[in-house]
């Protein structure tokens, strides 16, 4: 049937569908970019679609709270990883079909291969920090200067010395633990401590039993066991499961109704990397801290906690200038690296970042687990900044 203007107006449904189709067919440059240069974003979109950055699953950019860019990129992970999901890996030694085989498309990158809830991996750590901040704000979590061993039966902990007795919650949340722990190896290396922990039946015990290497609080060493211990300690301290607490005091106020959180063999949430979220909900979490802990006029977490979380607590790399807060990554950017962004970072390419000076939130979800390709935070920030009008930089 030929659609005339009269036919369209007489049938509102057809009009809406046709308008949507026309909008979909328009090039990105013709669509709104919420104050950002749509042509620049179109170039970024083309590079992602071409595979330049590997398996990027989605890119969401908010500017002044409005969606400037929101695209998903389809990948057939069943075909990409062929039969890898059926083979025993160092990280899925017991059951290749389980939730810690990162080649298994039933679990990764989208939950149940559904294309909605994306594995956030170590961005989970940043969310854990938020929940601890809320509990602190509510007076339900102890001081960060509390010794870690207060929450354990010391007689059942291995390798206890004075250094381990001086280990505090602050050391856990800033990754300045001082233990013998190597997460720098690839995750498919059986000597990686995170892999060893995930193979064990008691993750927290694997962590707390490790011998000390140096005085806690001195240096940054990435340690997947530290936030896992914080999840265990959270229940000990508050009497509540950290996922249930997050559901009540973090997710519900922000309107986040759909998520999944893996559980460890001992039954506690996987607080080092087990959270799945929709990209727009992850953006909400970033906006919460962008807005100093408030959401739609309601205080969720104290301003003091927000400030401490995104203030450098320790230097990660002198060369790059990257620093670390309370389980938050802090990336320098802008002219002479004078600005400091804050966000999370997760295995495979999960990178939610806030550029506070430009009022921009960026959320990247990807699954580059066996490739050197990826849209790293520094390059992503630079490319998005290029879309900001010169007068606003």
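The values are calculated or read from the model by the stated rules, or taken from the named source; none is laboratory data. Because the structure is a prediction, the values reported are computed rather than measured. All Cβ positions, glycine included, derive from the backbone under ideal geometry; neighbour counts span all protein chains shown.
Remarks
- Total residues in the stretch 19-36, condition surrounded by 13 or more Cβ atoms within 10 Å (Cβ to Cβ) and either modelled with pLDDT of 95 or more or farther than 26 Å from residue 359 by Cβ (or both): 1
- Criterion: in contact with a strand residue (DSSP E or B) (Cβ under 9 Å, 6 or more places away or on another chain), within 14 Å of residue 224 (Cα to Cα) and outside any loop (DSSP other than H, G, I, E, B) - qualifying residue of 204, 177, 128: 128
- Here is the figure for the stretch 258-298: residues that are out of contact with any strand residue (DSSP E or B) (no Cβ under 6 Å at 6 or more places or on another chain), over 26 Å from residue 111 (Cα atoms) and touching a residue at least 40 places away in the same chain (Cβ under 8 Å) total 4.
- Qualifying residue in the stretch 359-381 (condition: part of a strand (DSSP E or B) and free of Cβ contacts under 8 Å to residues at least 60 places away in the same chain): no
- Tally of residues being modelled with pLDDT under 90 and in contact with a strand residue (DSSP E or B) (Cβ under 9 Å, 6 or more places away or on another chain) across the stretch 180-201: 0
- For the criterion of being closer than 24 Å to residue 50 by Cα, crowded, with 16+ Cβ neighbours inside 10 Å and at pLDDT 95 or above, residue 306 fails.
- Residue 159 outside any helix (DSSP H, G or I), over 28 Å from residue 302 (Cα atoms) and modelled with pLDDT of 95 or more: yes
- Hey, residue 240 in contact with a helix residue (DSSP H, G or I) (Cβ under 8 Å, 6 or more places away or on another chain), within 25 Å of residue 134 (Cβ to Cβ) and surrounded by fewer than 17 Cβ atoms within 10 Å (Cβ to Cβ) or not: yes
- Subset of the stretch 352-381 (residues that are surrounded by 24 or more Cβ atoms within 10 Å (Cβ to Cβ) and within 19 Å of residue 75 (Cα to Cα)): 363, 364, 365, 366, 367
- Restricting the stretch 382-393 to residues that are in contact (Cβ under 8 Å) with a residue 60 or more places away in the chain and not in a helix (DSSP H, G or I), the residue that is surrounded by the fewest Cβ atoms within 10 Å (Cβ to Cβ) is 389.
- Qualifying position, being touching a helix residue (DSSP H, G or I) at 6+ places or on another chain (Cβ under 7 Å) and free of Cβ contacts under 8 Å to residues at least 40 places away in the same chain, among 162, 153, 145: 145
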